[in-house]
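Below is one structure; the comments refer to it alone.
The values are calculated or read from the model by the stated rules, or taken from the named source; none is laboratory data. These numbers come from a predicted model, not from an experiment. Here the Cβ positions follow ideal geometry from the backbone for every residue, glycine too, while neighbour counts run over all protein chains shown. What goes into the accessible areas is simple: the full protein's heavy atoms, side chains included, and nothing from ligands, DNA or RNA. Shrake-Rupley method; radii C 1.70, N 1.55, O 1.52, S 1.80 Å.
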Amino acid sequence: MTVAADKLELRPASDADREWIYRLRHEVYARELGQHAPNAAGRLTDDLDGNNVYLVAAHQDRPVGFVSVTPPWAGRYSIDKYLRRQDHPELRESGLFEIRILTVEPSRRGEMTGKLLMYAALRWVMAHGGRVVVALGRAELLPMYLSLGLVSTGVPVRSGAVDFELLTGQVADLAGRTLRRYGPLLEDLRRTVRWELEMPFLPEAESCEHGGASVEALGRRFDTLEARRDVVPADVLDAWFPPAPGVVAGLSGDLEWITRTSPPARAAGLVEEIALRRDVPEDAVAVGAGSSDLIFRAFGDWLDASSRVLLVDPSYGEYAHVVEQVIGCRADRFSLRREDGWRIDADRLADRLRSRYDLVVIVNPNNPTGVHLDADELREVLARAPGGTRFWIDEAYVGYSGPGQSLERYAAGSDNTIVCTSMSKMYALSGLRAAYLTAPSRIAAELRRRTPPWAVSLPAQIAAVRALRDPGYYTGRWAQTALLRAELAAALAGIGEDLSVHESVANFVLLTLPRGGPGAARLVGRCRRQGVFLRDLSPLSPAFEGRTVRIAVRDATANARTVQAVADALRDPRRTA
C-alpha cells in the first residue's frame, strides 16, 4: 500500500454494480486470461452468485474493481470445483470464508485498488465472525497475496489457461499483520477513502469486543451521565433492576468512609459468606474483580501455546480472545446450530470430548444464545469425559434457570471442574466487579496464590455480602425478568412474520432478520440514532450470518421503546439500501 487512494469508494455491490461485475469478469477471465470460454452475452456468472457478497471499489462513482466473499452459510465454495475438502486440513475448518475473483480493471492495476479491496474483504469477514479464510490466488499475483499475510499451501490448481495456488490465513493473524505493517497508512486512508461498508474502516483495539456502546455514548470522561435517561442500553446485559435494598443501604450509609478505606486484602469475609450461602468449603472458593479477572488469571496459569481447548460456538467472546490471542493456544469449536434452537446436545458433546482436551469451556446458560443445559445432563457429560480434562463452567446467568441448576457444590467435590460465578448481571453489581469461582481445594488454592491483595474493592465486598444475604429479593426480580422477557419477545415477533425471535432463559432475546434485507449492523445503526442500543452478534460467530441482534431486557417502558425503534428501523423506506 504505497500509492494514494485518490478518493476511492468502497461499498457493497448494488444491482447495477453486479451487472458491471459480470461483464468485467467476462472481459478478464474469458477474453484476457482464457480461464473460461467467451460467450455471446459477454457476461460471466456462476451458481454461487446468489450467496456471494460482492464488494466494489469505485472512483468518481464508477466501479473500477471488485472482490467476492463466499460465507460459510452459502453451503459450498468455488474451491469445491477443484479440490476435495476432506483431502486438505485447511479446508475442513468450520466457519470457513472464501475470498475470490479479486479483479481490477486494466486502468487501475498496479495501484492501491486491489489491496484496498482485499482489506475490505478482510474487514467484512472479521465483522461476520470469520476465523479462517481461503483463496485461490492467481500465480502472477502471488507476491501481493503473500505480502498481505496469506500463506501458500503449495497446492496448485489449474482452471482453463490460468494457474492458481491455494492460499489460507487465520483472520486474527491477517488483521494483526495488516495493522502492524500498514497501520499509519490506514490511518491516513481513513480520511480519504469513502468507506460505505457497515463495519468501521479500522478494527477496534486489540481486545475482545463487548457491548457497551450505550455507556460510551454518555461521554468517555463521564461528563454527561444525566443523558442516561435518554438512552435504552439494551446492548449490555446489566440488570434492569436495582441491587437489593440492603446493598444500597450498605453503600450509601457512609460512602465517604467506604471510598477512602482499603478493603480486606484477601476478602475473607466475602469468602465466608459465599461458602455459607452456597454450602461449599471455604477452601474451595477464590474471588476476583469480576469474571474476566478470574479468566485471565486462571487461564494464564493453566494454559500455554501447546494446550488444546474446546470452546462452544457461539459463546461469550472473552474466552476465545484469551485462549487464542492472549495465550496463543489452539482452540477447537463445538458448533451449535440455529436449526437445533442453539441447544447443546449432551451426547454429541460427550462424543467430542473423546478427542481429549486440556480445558473445555461451557457457559451455562449460554451467552449469547440463551439456552441452558440441564444440570443433570451436564453432570453426566462431565462424568463421561476422559481423565485429565479440566472443565470451566461459567454460570453468570444460572439464577435465571431456576433452583438446583448450579454445579458449584459438584465442582467443590470434583477433581477437574471449576464453576465461575459473576455477581454482575444477576445481582445488579456490574459497576462494582465482584465474582468468585468454586473448585477443588487445590485448584482454588493455586488461584488464591496468584491473586494480588485488595483485588476486590471495599464497595464490591460490602455489596456482594449484602446481596448474598437477600436471595428472596433476587429470586423475585428474576421472576419479573422472565415476565418482561416474554412480553418483549411477543412484541418483537408482532413486528413482522419474517422476523425470528428466540427467547432465552436469561435476561435477553435474540432477533434474527430475514435474508435479503438489512443486516444486523444496519438495524443496530438505525436504532442507535433513536437512542436505542442493541448488540450486533455478527462478530462473535459466523453462525449468526450477520443477521442476529441480542436485545437485553429492560423495564416495561424501555422495552416498549426498543420495540418501537426496531419497528421504525425495519419500516425505513431505505431498508434495502
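Structural remarks
- Count of segment 386-407 residues which are touching a strand residue (DSSP E or B) at 6+ places or on another chain (Cβ under 8 Å) and within 19 Å of Phe299 (Cα to Cα): 8
- Segment 23-36, subset without any contact (Cβ under 8 Å) to a residue 24 or more places away in the chain and either open to solvent by 30 Å² or more (accessible area, probe 1.4 Å) or touching an Asp or Glu at 6+ places or on another chain (Cβ under 9 Å) (or both), residue farthest from Thr113 (Cα to Cα): Arg31
- Looking only at residues in segment 330-372 that are open to solvent by 10 Å² or more (accessible area, probe 1.4 Å), touching a helix residue (DSSP H, G or I) at 6+ places or on another chain (Cβ under 6 Å) and not in a helix (DSSP H, G or I), the one that is nearest to Asp235 (Cα to Cα) is His372.
- Filtering Tyr29, Tyr82 for residues that are of a type in the set (Ser, Thr, Tyr), at negative phi and touching a His at 6+ places or on another chain (Cβ under 9 Å) leaves a single hit, Tyr29.
- Residue check for Gln480: free of Cβ contacts under 8 Å to residues at least 40 places away in the same chain and either open to solvent by 20 Å² or more (accessible area, probe 1.4 Å) or more than 28 Å from the chain's Cα centre (by Cα) (or both): no
- Looking only at residues in segment 250-275 that are without any contact (Cβ under 8 Å) to a residue 40 or more places away in the chain and either touching a strand residue (DSSP E or B) at 6+ places or on another chain (Cβ under 7 Å) or hydrophobic (A, V, I, L, M, F, W, C) (or both), the one that is surrounded by the most Cβ atoms within 10 Å (Cβ to Cβ) is Ala275.
- Close pairs from segment 212-227: first surrounded by 10 or more Cβ atoms within 10 Å (Cβ to Cβ), partner assigned to a loop (DSSP other than H, G, I, E, B) and hydroxyl-bearing (Ser, Thr, Tyr), Cβ under 8 Å, at least 6 apart: Leu218/Thr224
- All positions within segment 130-151 that are part of a strand (DSSP E or B) and more than 28 Å from the chain's Cα centre (by Cα): Gly137, Arg138
- Tabulated pairs, segment 318-331, first over 14 Å from Asp394 (Cβ atoms) and without any contact (Cβ under 8 Å) to a residue 60 or more places away in the chain, second open to solvent by less than 40 Å² (accessible area, probe 1.4 Å) and assigned to a loop (DSSP other than H, G, I, E, B), C-beta under 8 angstrom, 6+ apart or interchain: Ile327/Leu303; Ile327/Ser307; Cys329/Leu303; Cys329/Ser307; Arg330/Ser307
Yes/no matrix, rows are residues, columns are (1) under 30 Å from Gly34 (Cβ atoms); (2) touching a residue at least 60 places away in the same chain (Cβ under 8 Å); (3) touching a strand residue (DSSP E or B) at 6+ places or on another chain (Cβ under 8 Å):
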position: Gly130; (1), (2), (3): no, yes, yes
position: Glu140; (1), (2), (3): yes, no, no
position: Val151; (1), (2), (3): yes, no, yes
position: Val157; (1), (2), (3): yes, yes, yes
position: Ala161; (1), (2), (3): yes, yes, no
position: Leu174; (1), (2), (3): no, no, yes
position: Arg181; (1), (2), (3): no, no, no
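- In segment 241-260, the condition of being at pLDDT below 80, small (Gly, Ala, Ser) and in a loop (DSSP other than H, G, I, E, B) is met by no residue.
- Selection of segment 132-156 for residues being surrounded by 18 or more Cβ atoms within 10 Å (Cβ to Cβ) and of a type in the set (Ser, Thr, Tyr) yields only Tyr145.
- Members of segment 262-317 found to be within 19 Å of the chain's Cα centre (by Cα), under 19 Å from Ala439 (Cβ atoms) and either β-branched (Val, Ile, Thr) or at pLDDT below 95 (or both), listed by number: Ile295, Val309
- The residue that is most open to solvent (accessible area, probe 1.4 Å), among those in segment 169-211 that are assigned to a loop (DSSP other than H, G, I, E, B) and among the hydrophobic types (A, V, I, L, M, F, W, C), is Ala205.
- Taking the criterion of being of a type in the set (A, V, I, L, M, F, W, C) and either surrounded by 21 or more Cβ atoms within 10 Å (Cβ to Cβ) or modelled with pLDDT under 95 (or both), the residues of segment 500-520 that qualify are Ala506, Phe508, Val509, Leu510, Leu511, Leu513, Ala520.
- Filter result for Val64 (touching a Gly at 6+ places or on another chain (Cβ under 8 Å), touching a residue at least 12 places away in the same chain (Cβ under 8 Å) and in a strand (DSSP E or B)): no
- When Glu395 is tested against (1) under 24 Å from the mean Cα position of the chain (by Cα); (2) without any contact (Cβ under 8 Å) to a residue 40 or more places away in the chain; (3) under 23 Å from Phe241 (Cβ atoms); (4) open to solvent by 10 Å² or more (accessible area, probe 1.4 Å), exactly one condition is not met: (4).
- Residues of segment 525-558 that are part of a helix (DSSP H, G or I), crowded, with 21+ Cβ neighbours inside 10 Å and aliphatic (A, V, I, L, M): Leu540, Ala543.
- Filtered by the rule that a residue be β-branched (Val, Ile, Thr) and open to solvent by 20 Å² or more (accessible area, probe 1.4 Å), segment 70-103 gives a lone residue, Ile101.
- Asp61 vs. criteria open to solvent by less than 50 Å² (accessible area, probe 1.4 Å) and either out of contact with any Lys or Arg (no Cβ under 8 Å at 6 or more places or on another chain) or of a type outside the set (Gly, Ala, Ser) (or both): no
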